[in-house]
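A.B. asks: Supplied in structure tokens, the structure appears directly below.
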Amino acid sequence: MFKVFSGFFTRKKGKDGNPKASPFENLVIIVIAGAIIIIAASFFSPPNDTKDTMSISNISSEEKNSAQESMNGQEIITALEKRMSELLSKVEGAGEVDVMIFADSSSEQVPAYNNEQDTRSDEGASGKSSVISETRQLALSGNDTPVILKVIVPQIKGVVVVAQGADDILIREQLNNAVCTLLGIPEHRVQILKHK
């Protein structure tokens with residue numbers, strides 16, 4: 001058995017008389033190359049921060065904080081209704097469109113925290129012991145307001161769309177698909193009605 005195992009570490013000569021790498025050396029080279037590729041990929045890949053929540057992004061931090069301070073659940077829903085009405089009214093044949101969204105009335109703001117960890121080691125008669133204490137402090141901006149990482153919008157329970165062109169089945173289906181896609185809700189939570 002030892003002879004078989006030691007065969008992995010010895011160099012064998014090829015047909016031309018030159019020494020060739022053993023299978024073990026080839027395996028080590030492949031593992032090292034793989035580790036280098038994985039480490040390099042982690043440096044060049046963008047951070048992956050996908051959540052199933054809508055948040056305010058792509059604006060400066062000052063604008064972000066002021067926008068988040070003023071937005072509550074009802075204001076988020078009202079702004080969403082207005083934007084959806086404008087968008088859906090652009091669908092060919094839809095005509096004038098009104099949207100009403102029923103949702104939980106509250107939104108959740110996720111603040112940033114500064115975490116500090118303190119480790120203290122004591123040596124006593126019974127041996128070495130360490131005590132770890134952690135403090136969590138709310139992160140504040142320059143004007144002593146909390147830094148908000150994101151605003152989680154209220155959960156949408158149902159949507160009613162009233163459109164002039166809703167008597168056409170194709171227009172109704174397009175509006176229904178658009179609402180489901182934009183809000184990420186199932187079809188049974190959307191009702192499309194004809195405008196009077």
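A.B. asks: Residue check: is residue 147 surrounded by 10 or more Cβ atoms within 10 Å (Cβ to Cβ), within 34 Å of the chain's Cα centre (by Cα) and either farther than 30 Å from residue 82 by Cβ or modelled with pLDDT of 90 or more (or both)?
C.D. replies: No: the conditions fail for residue 147.
A.B. asks: Can I ask one more? What number of residues in the stretch 69-100 are at pLDDT below 90 and not aliphatic (A, V, I, L, M)?
C.D. replies: 7
A.B. asks: I need the full set of residues from the stretch 150-191 which are out of contact with any Cys (no Cβ under 9 Å at 6 or more places or on another chain) and over 20 Å from residue 83 (Cβ atoms), in order please.
C.D. replies: Residues satisfying the conditions are 167, 168, 169, 170, 172, 173, 188.
A.B. asks: Can you tell me which condition residue 66 does not meet? The list is (1) modelled with pLDDT of 70 or more; (2) hydroxyl-bearing (Ser, Thr, Tyr); (3) surrounded by 12 or more Cβ atoms within 10 Å (Cβ to Cβ), and all the others hold.
C.D. replies: Of (1) modelled with pLDDT of 70 or more; (2) hydroxyl-bearing (Ser, Thr, Tyr); (3) surrounded by 12 or more Cβ atoms within 10 Å (Cβ to Cβ), only one is false for residue 66: (1).
A.B. asks: When you look at residue 53, is it of a type in the set (Val, Ile, Thr), modelled with pLDDT under 70 and under 23 Å from residue 180 (Cα atoms), yes or no?
C.D. replies: Yes; evaluated as a whole, the condition is true for this residue.
A.B. asks: Read through the list (1) touching a residue at least 60 places away in the same chain (Cβ under 8 Å); (2) out of contact with any strand residue (DSSP E or B) (no Cβ under 6 Å at 6 or more places or on another chain), then give the number of the only condition that residue 143 fails.
C.D. replies: The one condition residue 143 does not meet is (1).
The values are calculated or read from the model by the stated rules, or taken from the named source; none is laboratory data. Quick caveat, the model's predicted, so the values are computed rather than measured. Cβ coordinates were reconstructed from backbone atoms using ideal geometry, including for glycine residues, and neighbour counts include every protein chain displayed.
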